[in-house]
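Accompanying notes for the structure given below.
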Amino acid sequence: MDYKDYYKVLGVEKNATPDDIKRAYRKLAKRYHPDKNPGDKQAEEKFKEINEANEVLSDSEKKARYDQISNSYSSWQQAGGSPGAFSWEDLFGGNYGGGARVEVNDIGDLFGEMGGFSDFFRTFFGGTGERRNPAYQRGSRQQYVQPQQPVNYQQQLTISLYEAYHGATRLIQLNDKKIEVKIPAGSKTGTKVRVAGVGPKNNRGGQGDLYLIIQVAADNRFKRKGDNLYTHKHIDLYSSVLGGEVEVETMTENVLLKIPAGTQSEQTFRLGGKGMPKLKQNKSFGDLFVTVVIDIPKKLSPEQKDLFKKLRKIH
């Protein structure tokens, strides 16, 4: 389902007054009216869009609902989400069962035989000709449309890798309420944390949910791939040649890593279970991969130079 930018359709800003919206609508409706463009399919489609946009933006309740939907959609895009991957199911939630017999103004007359509203309009605001009362007669304006459903919201929340490992809490301010939200350990970029029933009430008293879209910030110590962590450890030349032990930092503590004699630069070692906790899998962890970087001494004493010369001759 495609998002409809009703402000763009009418060519008005989001802070446009009702009079601004009315003037823009009348100007465009006059320009694209079918009577002035007989047989012009493009003008016909444009006329439909204009009337649909006016139906929403000229109604204070529909406009408020549309602005809420638009804010959630904009937050998704700003967070780097692809428009085609936006979860409309999360936004309007649940099934659209039931209905209400209502009086439609004169929008049906405007469309006549040209057809109804877009899927976007019918989903969020109900629409003409979608599901009619059995007693519906042609020419009547009493039609069966869907009730408004609670609007769900999406908001990006950035946490550190440390918080993603250990879990975290955030205090969210929603209007006059402060709500403590728990972020589970193992959360990844893209993880959704649902805060149920915190949205404004709809016309049936139902409340929507808030979905926090987790963004895990980059860490200067570790790189994360799935549930595994990757890091580099610098060791001296002598440890790489003779072997030894070095301390390696993990997300919880420092551990000893055994370096075998003859270790090469860029050689990687795996520390099992020292990666990230797996989301919703109790006591299950990924691995930590440590890539060794050998530090070659830049300055040598005369004695050290002599020793290296002797080694070269022996080699």
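The values are calculated or read from the model by the stated rules, or taken from the named source; none is laboratory data. All of these numbers come straight from a predicted model, not from anything done at the bench. Glycine also receives a Cβ, built like all others from the backbone with ideal geometry; neighbour counts cover every protein chain displayed. Accessible surface areas use protein heavy atoms only, side chains included; no ligands, DNA or RNA. Shrake-Rupley method; radii C 1.70, N 1.55, O 1.52, S 1.80 Å.
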Requested in this report: Could you please find all residues in region 245-258 being open to solvent by 70 Å² or more (accessible area, probe 1.4 Å) and closer than 26 Å to Lys188 by Cβ?
Outcome: Glu249, Thr252, Glu253, Asn254
Report summary line: Residue set Ala217, Ala261, Ala196; condition surrounded by fewer than 16 Cβ atoms within 10 Å (Cβ to Cβ), out of contact with any strand residue (DSSP E or B) (no Cβ under 7 Å at 6 or more places or on another chain) and under 28 Å from Ser160 (Cβ atoms); output residue Ala196
Query raised in the report: Out of the residues in region 264-289 that are open to solvent by 40 Å² or more (accessible area, probe 1.4 Å) and among the small types (Gly, Ala, Ser), which is farthest from Glu249 (Cα to Cα)?
Result: Ser265
Query raised in the report: Quick check: is even one residue across region 119-131 under 29 Å from Ile213 (Cβ atoms), in contact with a strand residue (DSSP E or B) (Cβ under 6 Å, 6 or more places away or on another chain) and either at pLDDT 80 or above or surrounded by fewer than 16 Cβ atoms within 10 Å (Cβ to Cβ) (or both)?
Result: no
Query raised in the report: Out of (1) modelled with pLDDT of 95 or more; (2) open to solvent by less than 30 Å² (accessible area, probe 1.4 Å), the odd one out for Ser240 is which?
Result: (1)
Report task. Find the residue count for region 273-301, including only residues that are in contact with a Gly (Cβ under 7 Å, 6 or more places away or on another chain) and under 30 Å from Leu242 (Cα atoms). Result -> 3
Requested in this report: State whether one or more residues within region 290-305 are without any contact (Cβ under 8 Å) to a residue 24 or more places away in the chain and open to solvent by less than 30 Å² (accessible area, probe 1.4 Å).
Outcome: no
Query raised in the report: Between a first residue in region 252-267 that is free of Cβ contacts under 8 Å to residues at least 24 places away in the same chain and a second residue that is part of a loop (DSSP other than H, G, I, E, B), which pairs have beta carbons less than 8 Å apart while being 6 or more apart in sequence or on different chains?
Result: Val255/Lys274; Lys258/Gly243; Pro260/Gly243; Ala261/Gly243; Gly262/Gly243
Query raised in the report: What tally of residues in region 1-39 results from selecting those that are open to solvent by 60 Å² or more (accessible area, probe 1.4 Å) and within 18 Å of Ser60 (Cβ to Cβ)?
Result: 8
Report summary line: Residues of region 279-312 being modelled with pLDDT under 95 and touching an Asp or Glu at 6+ places or on another chain (Cβ under 6 Å), in sequence order, are Asp295
Report task. Tell me, yes or no, whether region 96-105 has at least one residue that is surrounded by fewer than 18 Cβ atoms within 10 Å (Cβ to Cβ) and at pLDDT 80 or above. Result -> no
